[in-house]
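Notes follow the structure.
The values are calculated or read from the model by the stated rules, or taken from the named source; none is laboratory data. All values derive from a computational prediction rather than experimental measurement. Here the Cβ is made from the backbone with ideal geometry for all residues, glycine too, and neighbour counts use every protein chain on show.
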């Protein structure tokens, strides 16, 4: 996807396929659980379903696990866990759910752990050493030089080594300009990056988006409101660091494709990133952003 100009989020798929996929499959049946240091929480919720009895007023309920935001909202990692399946969530334990980061450090300090004062790191999982992500990708993607162009004047400002080195909203780091050059668009056909010189430029905002490959944590129970005229009213995050926003979601023509309409235009929505849907504090699911509207 990087070669096509998208900006995927490998952390989400690492959690789904490795930590909460392959690792969970190694657990034996019985009282074996996977405890992780993620700042997230889990709750068991009763899902009511029609009874097999002929009386439609009767119903039965089943307890199912849900992924929920933790107490420490500043460290909330539910965005990164939004793709894990219900079966894995059922076997997971999140001990840090009721704790804040300072409280965790204090516990580590009292226990005499050397990690108590360690600075936080944002490295790449399983790469083996700390380095910039674009340096890691350079080992696998050949350079594909092209132009960085001013979106308004179409003036060529600088050369780039490949679309995959930039994401929307990023500072293009072009010297000699009076203002920051902010990436607004990436043109795959022309191999061109379009930048704007104002942080409030309209080209940096999206009124909505289309997402595909949508996965619900309760995979067999997508919200019924998706197929109504009013759509599903919810809140979404279009990247880990953005504030969640009010949104209306409706099913697209294809089953796993959804169209999102923001209550207010959102900044720096990047195709390839993951959009996560929340119902209050509860995570419903996630999909891949394919197109900005």
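So here's what we get for this one:
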{"item": "Evaluation of residue 229 against (1) at pLDDT below 95; (2) more than 21 Å from residue 1 (Cα to Cα); (3) part of a strand (DSSP E or B) (one fails), failing number", "result": "(3)"}
{"item": "Residue satisfying all of: in the range 182-203; under 13 Å from residue 160 (Cα atoms) and buried (at least 17 other Cβ atoms within 10 Å of the Cβ); modelled with the lowest pLDDT among these", "result": "186"}
{"item": "Check on residue 211, in contact with a strand residue (DSSP E or B) (Cβ under 6 Å, 6 or more places away or on another chain), closer than 26 Å to residue 144 by Cα and surrounded by 16 or more Cβ atoms within 10 Å (Cβ to Cβ)", "result": "no"}
{"item": "Residues of the range 232-257 satisfying the condition of being surrounded by 19 or more Cβ atoms within 10 Å (Cβ to Cβ) and part of a loop (DSSP other than H, G, I, E, B)", "result": "238, 239"}
{"item": "Filter result (surrounded by 13 or more Cβ atoms within 10 Å (Cβ to Cβ) and touching a helix residue (DSSP H, G or I) at 6+ places or on another chain (Cβ under 7 Å)) within the range 93-122", "result": "96, 101, 105, 108, 116"}
{"item": "Qualifying residue in the range 260-268 (condition: over 26 Å from residue 88 (Cα atoms), in a loop (DSSP other than H, G, I, E, B) and touching a residue at least 60 places away in the same chain (Cβ under 8 Å))", "result": "yes"}
{"item": "Count of the range 178-194 residues which are in contact with a strand residue (DSSP E or B) (Cβ under 7 Å, 6 or more places away or on another chain) and assigned to a loop (DSSP other than H, G, I, E, B)", "result": "3"}
{"item": "Single residue of the range 142-173 satisfying the filter (in a loop (DSSP other than H, G, I, E, B) and crowded, with 16+ Cβ neighbours inside 10 Å) that is modelled with the highest pLDDT", "result": "151"}
